[in-house]
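First up is the structure itself, then whatever we jot down about it.
The values are calculated or read from the model by the stated rules, or taken from the named source; none is laboratory data. Here the structure is a predicted model, which means the values were calculated and not measured. Don't worry about glycine lacking a Cβ; one is built from the backbone with ideal geometry, like all the others, and counts go over all protein chains shown.
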Amino acid sequence: MSHPTPTSTTVHAEQGERFDEILTPEALAFLTRLHDQFAGRRQERLADRMARRKHIENGRDLRFLPETAHIRENTEWRVAGAGPGLEDRRVEITGPTDPKMTINALNSGAKAWLADLEDATSPTWANVIGGQLSLHDAIRDRLEFTSPEGKHYTVTASPDERPTIIMRPRGWHLTEKHLGYTDRAGYTRAASASLVDFGLYAFHNATALIESGRGPYFYLPKIENHLEARLWDDVFTFTENALHIPHGTIRATVLIETIPAAYEMDEILYELRDHAAGLNAGRWDYIFSIIKNFRDRGRGFVLPDRAQITMTVPFMRAYTELLVQTCHKRGAHAIGGMSAFIPNRRDPEATERALAKVSDDKRREAGDGFDGTWVAHPDLIPTARAEFDAVLSDRPNQLERTRPEVSVTAAQLVDLSGIDRTVTDAGVRSNVSVALRYLESWLRGTGAAAIDGLMEDAATAEISRSQLWQWIHQGVVTAEGTRVTRAHVESELHEVLRSLDRSLDDRFDDAENILRMVALEEDFPTFLTIPAYAHYLVDTAPARTREPVAA
């Protein structure tokens, strides 16, 4: 009689300094339990994504789901809402979790910090586990850092002045190839990056966070529908039971950054209602999602130069107004999007222009009813806070603004008519240049890169390469009369490479290979980070399996 193989989690990479403090036998056993429960359902949800995307490609229009109309029409239900330390979120700072950035975020004066293991982090093994170490030490008030130049960084803000930490794990679509999960059939596959990031953070820090008067809080990225939200909710409940913490202690804010999710905001909140704190308008990935899903649906879905797609165009206004209305009628926070402008302390005029743009953006969000917003740099916090202070005063939020006057139809969310569709030669060149430079930074382990006065993350590269692909395949002609072809983009790529300052250890050749793969090939990878990670960031070592440990 055969017996099933014991499930296990296997480390496939070399241990870095102090990695054993995160990858303990008990923590790996907890990751195994998460995969035992949820790895199969994750695969089902990803298969469903593929099927839905194919339906859209074949001409099916998105709609509000008739089978869940009773959830949208029921005016009684509410979400759990803000947990301790989340009541006032008027300005949140975002950034990766390396020690220096962690310390800067905790000293920033923001109300919350999106500790980003997703788009602002290049998922090298050192960054993934190093980020967990930074958070582990910061939560226990023992994080310090000395730069190679000898500058020493410490957390100087008092505990009451530090922003509430909200960790963003990687999305359901990503894997962590440095950890292997062996199922009961004996088959070993790469671990889910979502479960790894979430599981290690919750396992090590949930109790300490609760004892500090806060809690284990998360931003959930790239969700496409309410069934994916239900999966996360079940992960939360399982974790609360496993770690012996009260049900509802975990709180989640969902990024509405995919076009399918915009049609299921009520349903997403409903599935997470015992754990939901709010929704966020993830503007840049949202634009990428529209391009990705409708890239083959004809010229009616071709967008102009990236810089022209602002939050004031009609389809973006419809999305954000629906988000605020949906959140407030359910008792959830509506958090605004990222202002990527960054000040330049060596260029006062550039800083003045950046601050003016941030001020305009945040004034609009506060006026629209958002309860808070994102910035990418500490110097932007006073400007953003001033706009929200002007509307909120001493109130922590504006949940009372339910926006009953808003009425958004399914068609309005994808109505691209009435916008300037101009594509320019400069827009093509900019997409090539920004994508190439960001990818080079990402390959060197830096996922948040200052490029042309903006703080860019993976979403920028996704928009840039997706537009190039779409412009090529839709036969777009620029305002100057240039037809966007593969040959033309390759010419621009060659010119950009010639213009760069090169060094012996730069990664521009690899970045060029990735850009060709994700923008110039016939097939369109759903996320550029999937092939880029597999080809360039996986650093494996002989597998080491930890014996199962009760958790």
**Report entry** Among residues of region 418-437, those that are surrounded by fewer than 17 Cβ atoms within 10 Å (Cβ to Cβ) and under 25 Å from the mean Cα position of the chain (by Cα), counted
**Finding:** 0
Query raised in the report: Looking at Val391, is it in contact with an Asp or Glu (Cβ under 9 Å, 6 or more places away or on another chain) and within 30 Å of Gly331 (Cβ to Cβ)?
Result: no
Report task. Would you list the helices (runs of 4 or more DSSP H) that sit entirely within region 242-347 and hold 1 or more residues that are free of Cβ contacts under 8 Å to residues at least 40 places away in the same chain and not polar (S, T, N, Q)? Result -> 259-262, 283-294, 314-329
Query - Test: Gly367 is out of contact with any Pro (no Cβ under 6 Å at 6 or more places or on another chain), assigned to a helix (DSSP H, G or I) and over 24 Å from Ile463 (Cβ atoms) - result: yes
Report summary line: Per the filter on region 465-502, residues of a type in the set (S, T, N, Q) and either in contact with a strand residue (DSSP E or B) (Cβ under 7 Å, 6 or more places away or on another chain) or under 14 Å from Thr424 (Cβ atoms) (or both) are Gln467, Thr478, Thr482
Query raised in the report: Counting only residues that are charged (D, E, K, R) and assigned to a loop (DSSP other than H, G, I, E, B), which one in region 379-398 is surrounded by the most Cβ atoms within 10 Å (Cβ to Cβ)?
Result: Arg395
**Report entry** First in region 115-137 and in the same structural domain as Ala252 (by TED's automatic domain parsing) and within 19 Å of Leu255 (Cβ to Cβ), second anywhere and part of a helix (DSSP H, G or I) and of a type in the set (S, T, N, Q), Cβ under 7 Å, 6 or more apart
**Finding:** Thr121/Asn127
Report summary line: For Met50, the lone unmet condition from (1) over 17 Å from Asn225 (Cα atoms); (2) out of contact with any helix residue (DSSP H, G or I) (no Cβ under 8 Å at 6 or more places or on another chain); (3) not charged (D, E, K, R) is (1)
Requested in this report: Evaluate region 288-306: report whether one residue or more is of a type in the set (Ser, Thr, Tyr), buried (at least 23 other Cβ atoms within 10 Å of the Cβ) and over 25 Å from Arg78 (Cβ atoms).
Outcome: yes
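This table checks each residue for (1) aliphatic (A, V, I, L, M); (2) under 27 Å from Ile259 (Cβ atoms); (3) outside any helix (DSSP H, G or I); (4) not assigned by TED's automatic domain parsing to the domain that holds Glu57.
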residue: Glu462; (1), (2), (3), (4): no, yes, no, yes
residue: Gln467; (1), (2), (3), (4): no, yes, no, yes
residue: Val489; (1), (2), (3), (4): yes, yes, no, yes
residue: Leu493; (1), (2), (3), (4): yes, no, no, yes
residue: Ser503; (1), (2), (3), (4): no, no, yes, yes
residue: Phe524; (1), (2), (3), (4): no, yes, yes, yes
Requested in this report: Please enumerate the residues belonging to region 518-537 that are surrounded by fewer than 18 Cβ atoms within 10 Å (Cβ to Cβ) and in contact with a strand residue (DSSP E or B) (Cβ under 8 Å, 6 or more places away or on another chain).
Outcome: Ala534
**Report entry** Flag for Ser289 being touching an Asp or Glu at 6+ places or on another chain (Cβ under 6 Å), of a type outside the set (Phe, Trp, Tyr) and closer than 25 Å to Ile451 by Cα
**Finding:** no
Report summary line: Reported set for region 470-527 where residues are modelled with pLDDT of 95 or more, of a type in the set (Asp, Glu) and closer than 16 Å to Ser433 by Cα is Glu490, Glu492, Glu495, Asp506, Asp509, Asp510, Glu512
**Report entry** Checking Ala350 against (1) modelled with pLDDT of 95 or more; (2) of a type outside the set (S, T, N, Q); (3) surrounded by fewer than 24 Cβ atoms within 10 Å (Cβ to Cβ), the condition it does not meet
**Finding:** (1)
Query raised in the report: Based on what the data block shows, is Arg401 assigned to a loop (DSSP other than H, G, I, E, B), among the basic types (Lys, Arg) and over 19 Å from Phe524 (Cβ atoms)?
Result: yes
